[in-house]
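J.: Attaching a single structure in structure tokens format; questions to follow.
The values are calculated or read from the model by the stated rules, or taken from the named source; none is laboratory data. Nothing here was measured: the structure is a model prediction, and the numbers come from that model. Here the Cβ positions follow ideal geometry from the backbone for every residue, glycine too, while neighbour counts run over all protein chains shown.
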Amino acid sequence: MKRFPSNRRPRSPEYSLRRLHTFVLLLALLAPAPAPAHPKPLRVPFRTSASMILIEVKIDGHPMIFLLDTGSIGTIVSLKSYRTVPFPLRTIRRDPRSPGVVGDSVPVKLDLSLGGHTWYSQSVSLMNLDGLVDLLGTRVDGILGQDILREFRYVRIDYSARVIELEE
């Protein structure tokens, strides 16, 4: 039989449980704070031309200049900037019945990078955007549309810093 010194008594289970609770509470208080619920927003620098927002996008690793168009349903890549297709596509033209433009398109999948975020095999439309230079007065390699923008909770345009913030 095990004997205890005369000045010490065996500890009760309640005492051990209280010590465990105190230890767990201290660990909880000293633990680092959890990471924020949302990662930092993507910050994409832009420049303007005739009040249009132009941003750098990479298509299959190649840098291109795209027009940010919140009214465009999908992203469009210029046929000339990307590659050719085995059949001709008519150039875009202004639609007299709406504020937009119309033209022939071919759906393709490609890798699109914006501000450090990459979409692999993203569906986009290839179009002959030669007429866009005449309409806009500046050369663009494509149009970034809602299909990309709606993947983010917030799209903030900071004109003074010339940055677009895209928050997931």
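J.: Cβ-Cβ distance below 9 Å, separation of 6 or more or different chains: which pairs start in the stretch 152-168 with a residue that is at positive phi and surrounded by 11 or more Cβ atoms within 10 Å (Cβ to Cβ) and end on one that is at pLDDT below 95 and hydroxyl-bearing (Ser, Thr, Tyr)?
T.: From the stretch 152-168, the pairs are ARG162/THR48.
J.: For the stretch 39-78, enumerate the residues that are closer than 14 Å to GLY116 by Cβ and assigned to a loop (DSSP other than H, G, I, E, B). Walk me through it before giving the result.
T.: Start the filter on the stretch 39-78 by keeping residues that are closer than 14 Å to GLY116 by Cβ, which leaves 39-45, 55-58, 61, 63.
Matches in the stretch 39-78: PRO39, LYS40, PRO41, GLY61.
J.: Checking the structure you have, find out if any residue of the stretch 124-138 is part of a strand (DSSP E or B), in contact with an Asp or Glu (Cβ under 6 Å, 6 or more places away or on another chain), touching a residue at least 40 places away in the same chain (Cβ under 8 Å) and surrounded by 15 or more Cβ atoms within 10 Å (Cβ to Cβ).
T.: no
J.: Test each condition in (1) touching a strand residue (DSSP E or B) at 6+ places or on another chain (Cβ under 8 Å); (2) at pLDDT 85 or above for GLY137 and report the one that comes out false.
T.: Going through the list (1) touching a strand residue (DSSP E or B) at 6+ places or on another chain (Cβ under 8 Å); (2) at pLDDT 85 or above, GLY137 breaks only (2).
J.: Examine the stretch 102-112 for a residue that is more than 22 Å from PRO63 (Cα to Cα) and surrounded by fewer than 18 Cβ atoms within 10 Å (Cβ to Cβ), and state whether such a residue exists.
T.: yes
J.: Given (1) modelled with pLDDT of 80 or more; (2) part of a loop (DSSP other than H, G, I, E, B); (3) under 28 Å from GLU165 (Cα atoms), where does PRO32 come up short, assuming only one miss?
T.: (1)
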